[in-house]
Amino acid sequence: MKRMRTHLSSRKVIAVLTAALLATGVAACGNSDTGDSGGKDDGKITLGFSQVGAESGWRTANTTSIKEAAAEAGIDLKFDDAQQKQENQIKAIRNFIQQKVDVIAFSPVVESGWDTVLKEAKDAKIPVILTDRAVDSADKSLYKTFLGSDFVKEGRLAGEWLVEKEKAATGPVNIVELQGTTGSAPANDRKKGFADAISANPNLKIIASQSGDFTRAGGKQVMEQFLKANPKIDVLFAHNDDMGLGALEAITAAGKVPGKDITIITVDAVKDGMQALADGKFNFIAECSPLLGPQLMDLVKKVHNGEEVPVRIETQETTFTQEQAKEALPNRKY
Ligand code: GZL
């Protein structure tokens with residue numbers, strides 16, 4: 001009996017061990033099969049990226065740059081499109097934390113409301129990189145670096161060009177402004193930079209300013225309202241090309257000639273905007289480069305390896321007049 005018991009117990013031990021090994025095997029396999037595991041043990045870095053949405057030509061070019069650069073860098077990219085909703089970005093970041101990705105990067109749709117979820121990422125020891133847009137968190141330890149443009153400078157360059165253009169003006173120059181997404185860093189900062197620059201000439205007056213949410217439809221809709229409410233509009237400052245392109249339709253429908261009756265200044269310099277500039281429908285564009293993918297992947301590798309990175313990396317960009325747009329168009333990458 002004793003021997004039988006011994007025999008049974010060893011069979012039982014084997015059964016328990018087998019079950020345990022199978023369970024472990026399945027768990028590991030299940031994660032890798034479903035791709036749910038973040039830091040897989042295949043040596044590849046897993047990056048969780050939360051994108052604002054697909055609201056503009058700029059955003060499309062930015063997404064392409066990120067996806068292509070991840071593939072090029074051999075980085076396993078988990079990409080989420082938040083459809084311009086902060087709650088979707090917060091959900092995506094929490095999913096990335098649960099999946100135990102190696103690094104999280106995102107373009108925050110608005111500046112505020114990130115501290116709680118960024119603290120969760122920090123507690124989970126997952127480094128975060130900000131790209132394109134900034135957050136207003138006072139706690140700079142919540143992210144490793146911010147890679148993106150200086151939006152105040154973009155607004156200032158747009159305003160300085162207008163001050164120069166209108167320096168001989170003897171009467172009021174009425175400006176309408178199409179702002180980007182309410183609460184977003186580019187909208188807040190471009191507005192500030194532009195207003196600061198035009199304060200140099202008291203003739204330059206912003207008579208109406210409203211968000212078109214960075215979309216063509218938004219730009220068209222708000223410009224229609226501006227045109228109805230304001231008989232004399234001399235200048236449109238749009239925080240991105242897409243809203244400016246939408247406004248073109250409203251301006252033309254109102255029987256006015258864009259680029260002549262109404263001077264149009266925008267930001268971004270995506271292909272369609274540059275074409276409008278070359279065609280004389282826009283008058284000036286301050287560039288905002290979406291091609292952040294390669295720099296982002298370089299930062300992901302450095303941050304994953306525990307290397308120090310600068311807390312702020314500003315993307316280099318320029319401005320375009322109509323003549324410069326004609327020259328630059330054939331070689332534009334986006
Ligand atoms: C700027 C970016 C802005 C672009 C818009 O870096 O966040 O969002 O200017 C885009 O075209 O929608």
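The values are calculated or read from the model by the stated rules, or taken from the named source; none is laboratory data. Since we're looking at a predicted model, the values are computed, not measured. Every residue, glycine among them, receives a Cβ derived from its backbone with ideal geometry; neighbour counts consider all protein chains shown. Accessible surface areas use protein heavy atoms only, side chains included; no ligands, DNA or RNA. Shrake-Rupley method; radii C 1.70, N 1.55, O 1.52, S 1.80 Å.
In the stretch 124-138, which residue that is farther than 18 Å from T46 by Cα and out of contact with any helix residue (DSSP H, G or I) (no Cβ under 7 Å at 6 or more places or on another chain) is farthest from the ligand (Cβ to nearest atom)?
Quick first cut of the stretch 124-138, residues farther than 18 Å from T46 by Cα only: 132-138.
Adding the requirement that they be out of contact with any helix residue (DSSP H, G or I) (no Cβ under 7 Å at 6 or more places or on another chain) leaves 135-136, 138.
On the way: V135: 13, D136: 15, A138: 22 Å.
Among residues in the stretch 124-138 that are farther than 18 Å from T46 by Cα and out of contact with any helix residue (DSSP H, G or I) (no Cβ under 7 Å at 6 or more places or on another chain), the one farthest from the ligand (Cβ to nearest atom) is A138.
Among the residues of the stretch 203-237, write down those that are within 16 Å of the ligand (Cβ to nearest atom) and farther than 16 Å from I251 by Cβ. Scanning the stretch 203-237 gives S211, D213, F214, T215.
Take the conditions buried (at least 17 other Cβ atoms within 10 Å of the Cβ), more than 16 Å from the ligand (Cβ to nearest atom) and either over 27 Å from the mean Cα position of the chain (by Cα) or at pLDDT 95 or above (or both) and apply them to I251. Does it pass? The answer is yes for I251. D132 meets all of the listed conditions (1) surrounded by fewer than 21 Cβ atoms within 10 Å (Cβ to Cβ); (2) within 17 Å of the chain's Cα centre (by Cα); (3) among the charged types (D, E, K, R) but one, namely (1).
One residue stands out in the stretch 267-286 among those that are outside any loop (DSSP other than H, G, I, E, B) and touching a residue at least 60 places away in the same chain (Cβ under 8 Å): the one that is farthest from L236 (Cα to Cα), namely K271.
Only one entry in A70, A92 is surrounded by 17 or more Cβ atoms within 10 Å (Cβ to Cβ), away from the ligand (no atom under 16 Å from the Cβ) and within 21 Å of Y334 (Cα to Cα), namely A70. Flag not set for K192, criterion: away from the ligand (no atom under 13 Å from the Cβ), outside any helix (DSSP H, G or I) and open to solvent by 10 Å² or more (accessible area, probe 1.4 Å). Is at least one residue of the stretch 234-247 out of contact with any Asp or Glu (no Cβ under 9 Å at 6 or more places or on another chain) and open to solvent by 10 Å² or more (accessible area, probe 1.4 Å)? The answer is no, given that none of the residues of the stretch 234-247 is out of contact with any Asp or Glu (no Cβ under 9 Å at 6 or more places or on another chain) and open to solvent by 10 Å² or more (accessible area, probe 1.4 Å). Taken over the stretch 98-124, residues that are in contact (Cβ under 8 Å) with a residue 40 or more places away in the chain and either open to solvent by 10 Å² or more (accessible area, probe 1.4 Å) or more than 25 Å from D213 (Cβ to Cβ) (or both) amount to 9.
Residues that are touching a residue at least 24 places away in the same chain (Cβ under 8 Å) and either open to solvent by 100 Å² or more (accessible area, probe 1.4 Å) or part of a helix (DSSP H, G or I) (or both) within the stretch 313-334 comprise Q316, Q322, A325, K326, A328, L329, K333, listed in sequence order.
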